[in-house]
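Enquirer: Questions regarding the structure given below will be posed in turn.
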Amino acid sequence: MPPRPRSFTAVLPALWLLAFPWPAHAEKPAATTPTAAILDAAAREAGRLPRLHSLLVSWRGELILERYFHGARPSRLANIKSVSKSVLSALIGIAIGRGLLPGVEAPGAKYFSGPLAADRLKGNITIEDLLTMRSGLETTSNRNYGAWVRSPDWVQHVLNRPLVNPPGTRMTYSTGNFHLLSAVLTRVSGGDTWTFAQESLARPLGITLAAWPRDPQGIYFGGNDMLMTPRQMLAFGELYLRRGRANGRQVVPAAWVDASFVPRTRSPRNDRPYGYGWWMDDLADRRIYYAWGFGGQYIFVVPDLELVVVTTSSANLGEGRRDHRDAVYDLVDRLVITPVAAEYNKAAN
């Protein structure tokens, strides 16, 4: 079995430099607000995308662009789909910070009886493997999704999946991994995932999370179908931009944010790096981190530009949804991140 990547606790000394490229002693370019021309161009093209509902841009903590399209409005809750995975990751980090979980190396068998306890290989699945979707269990997503969510016990359905890879090796995209994490949170918090999220994450951000769907046993869906407004998504992105701080308080441990932004595996489908619930890419010569949900739900965090970008879109199945997803990604790259980076470069020179 190949060695596992170094875990959360093993890489802390190097995480700041890996995640945030500004040297501690260097001065950033003078504050230069992105021009109205940049923002107007982005808003105009966004309005031409028939499935897009919102585009929000925050720079240095200031909301500099907020547009809604096709009947959407600020108060409208969006189904953020797999952006939920990034939120679940934050909750796991908070639970570890509070001592409710011993760490990412904890074996899943500690929290589940049955298959994980009885099967020697499945017993090797750790919290970190679930966070990075390297559990090795057969996927419950894509073609297997319907059978999973129609099953009478979602947790056992995931645990009963055969191993297709040794735990801790290859990434297999599967929302079932994050549903197991929601079940773990339910157990260790003494309540449920929604209540824990309200108290530990939403309230410190000054927001209220709507309840989202639960499985037949009452466990809140882990990794899908959470509901947030675009501004709530922006607040969550700002939280990660500021290494877990909000309203003068450390909400998510800073070390957890840093650890989440370390590449730990790669998607076999698009070859993009993945950390603890966050995707990574390089745009405009900057490392970006993003939460990504089906249909075009995005939170982009660009630390060295102090930039957060949020989009929401129709989450319905329909013609052109994949083209739309790519169009949104391209729009944010070409008309937001790239021109803002160019202004930063001019200011630096």
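Every read-out reported here was derived from the displayed coordinates using simple, explicitly stated rules and does not represent laboratory data. Everything numeric here is computed off the predicted structure, so don't read it as measured data. Using ideal geometry, Cβ is built from the backbone for each residue, glycine included, and neighbour counts are taken over all protein chains shown.
Enquirer: Summing -39500 (n - 2.57) over the DSSP H runs of n ≥ 4 in the chain and dividing by its residue number, what mean residue ellipticity at 222 nm do you reach, to the nearest 500 deg cm²/dmol?
Expert: My calculation for the chain gives -9500 deg cm²/dmol from helical runs alone.
Enquirer: Which order do peptides 242-248, 54-60 fall in by mean Cβ count within 10 Å, highest first?
Expert: Most protected by this proxy first, the peptides run 54-60, 242-248.
Enquirer: Right, next: Kindly rank 79-91, 163-175, 218-230 from highest to lowest mean number of other beta carbons found within 10 Å of each residue.
Expert: The packing order, highest mean first, is 79-91, 218-230, 163-175.
Enquirer: Further question: Going by how many other beta carbons lie within 10 Å of each one, how would you line up L77, L209, L239, fewest first?
Expert: L77, L209, L239
Enquirer: Would you order M133, M280 from fewest to most other beta-carbon atoms within 10 Å of each residue's own beta-carbon?
Expert: Least crowded to most crowded, the residues run M280, M133.
Enquirer: Mind sorting out which of [x] 132; [y] 161; [z] 145 is the real volume of the Cα convex hull per residue in Å³ computed from the coordinates?
Expert: The value matching this structure is [x].
Enquirer: Explain nothing, just compute: Karplus ³J(HN,Hα) = 6.51 cos²θ - 1.76 cosθ + 1.60, θ = phi - 60°, for every residue of the range 281-288 in order, whole Hz, x for Gly and Pro.
Expert: 7, 10, 10, 6, 6, 10, 7, 10
Enquirer: Under a 5 Å amide H to amide H cut-off, with H placed in plane at 1.01 Å, what residues pair with L283 once short-range neighbours are removed?
Expert: Under 5 Å from the amide H of L283: I288.
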